[in-house]
Ligand code: SAH
Ligand code: SF4
Ligand code: F3S
């Protein structure tokens, strides 16, 4: 019987990387990953639980797949990722047609679980242990030598490398420490080996991934080496042939001057920094357990810009956190206007299971949250547009990602999307081109190739 696998991925880049790992792992078992669910006999939903809506999406998709499951007795349906971790067995109560439930640290067990299901040894498989041990699950080491042509890999020249898993910060609203467990860093040697292999396969851009990369190495009793993120960054950046390096995400409390200096000193480190602020009100930041103030955040931004004036800053913001007053919200808008982020991702607060803020009183009504979100997004759109206009007339280096007829789409070092005609049709994905920017929109730039 042919084995066709379809994975639907929700959530963050950690999940995207996990989907890649699953595809690689199951390719070794003879599964062919497909970009469409039709014809698949294994469907995996790699889930996100960060907000209530993200979780609802998973359950409605699972519900929509029930008729498929009834039509095709050979179809196996599985749930992986953060909702699987959080809900475990409860998923079966709501969705009894689900065959397997695999938590965030157990995906390397998928082959044996699938074997047991296929052989009829069992009708359900569930693995949701969070080991929280100081050993990196073996799959991360094993699966570095991968074929790049997998459906989950959007651009073969850009890849993610996970440098740590879990999170110990326990922001009061956040489910990640619950779904991903304690923070554990991989060894520097493993990471360097992985990047070297990817670069030797033609990869030109690497994004180092972790929930809080700035604290890389803080919890690594495996090696007991004094690891730190700037050191890792310098060593990765020195790998010959690596053209661009990025990282995400950073926690402001752990942003050191040493890391800022990297932006001035490392040529291939892209001047793009995602530094989630969450709120512009100290009272809200305190209740969020973020462990910094608006003042220290602003000081760090000023210093960072001194090291790298052209750095493009992005952020995350939550509106409608329990107890957020009009004044608190106004303080967030003021912060937006002071920092003038190039982009921001903003969300309406929602309660998550087992988090502290779920127990807080003073919940903000839905209509107030919606109103605040649209005010904030409108303001950010204005700022993003003005920021993008600053590029008009400038030459920027663009890495080509996709081609659409005679047009290509690529990204600048600052992570701006650029559209550009390629009349000579000589450029290929992965190539670098110098582009003169002619037009700016809220979300992208348009230009022409400089010869
Ligand atoms: N580790 C990263 C990303 C965490 S999740 C970090 O610390 O920045 C991505 C974003 O989702 C967060 O930055 C936050 O803005 C948002 N988020 C997390 N929990 C949320 C909740 N309960 N309601 C609304 N947004 C939330
Ligand atoms: Fe969640 Fe905070 Fe950890 Fe980010 S740092 S993953 S927001 S607990
Ligand atoms: Fe979502 Fe889990 Fe990532 S909750 S944001 S997929 S760590």
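Since every read-out is calculated from the coordinates, none of them should be taken as a lab result. Treat the numbers as computed from the prediction; the structure is a model and nothing was measured. Cβ sites come from the backbone with ideal geometry, for glycine too, and all protein chains shown count toward neighbours.
Which value at 222 nm does the chain reach when only helices count, each DSSP H run of 4 or more adding -39,500 (n - 2.57), with the total divided by all residues and rounded to the nearest 500 deg cm²/dmol?
-10000 deg cm²/dmol
Can you give me the P(r) profile for the stretch 1-108? Cα pairs, bins 5 angstrom wide beginning at 0, each as a whole percent.
All Cα pairs considered, the percentages come to 2, 13, 25, 26, 20, 11, 2, 0.
Restricting the count to DSSP beta bridges whose residues both fall in the chain, what percent are antiparallel, rounded to a multiple of 5?
35
Order the peptides 43-55, 346-358 from the highest to the lowest mean number of other Cβ atoms within 10 Å of their residues.
Per-residue Cβ counts within 10 Å, averaged per peptide and sorted highest first, yield 43-55, 346-358.
Hey, how many Å between the Cα centroid of the stretch 1-76 and the Cα centroid of the stretch 388-451?
Here the answer is 33 Å between Cα centres.
Using the Kirkwood radius built from alpha carbon pairs, what does the Stokes-Einstein equation give as D for the stretch 345-392 at 20 °C and 1.002 mPa s, in µm² per second?
Translational D for this selection: 165 µm²/s.
Using the count of nearby Cβ atoms within 10 Å as a rough guide to exposure, how do 417, 311 rank from fewest to most?
In increasing order of surrounding Cβ atoms, one gets 417, 311.
I need 97, 251 ordered by Cβ neighbour count within 10 Å, fewest first.
In increasing order of surrounding Cβ atoms, one gets 97, 251.
Could you quote the convex hull projected area for the chain, Cα atoms only and averaged over all directions, in nm²?
About 22.0 nm², averaged over all directions.
Throw me the Rg/Rh for the stretch 189-334, computed over C-alpha atoms with Kirkwood Rh, two decimals.
Taking Rh as the inverse mean 1/r over Cα pairs, Rg/Rh reads 1.03.
Provide 157, 360, 329 in ascending order of the number of other Cβ atoms located within 10 Å of each residue's Cβ, fewest first.
360, 157, 329
Over all distinct Cα pairs, what is the inverse of the mean 1/r for the stretch 263-316, reported as the Kirkwood hydrodynamic radius in Å?
12.2
Across the stretch 289-422, how large is the tail of the calculated P(r) beyond 24 Å, expressed as a percent of all Cα pairs?
45
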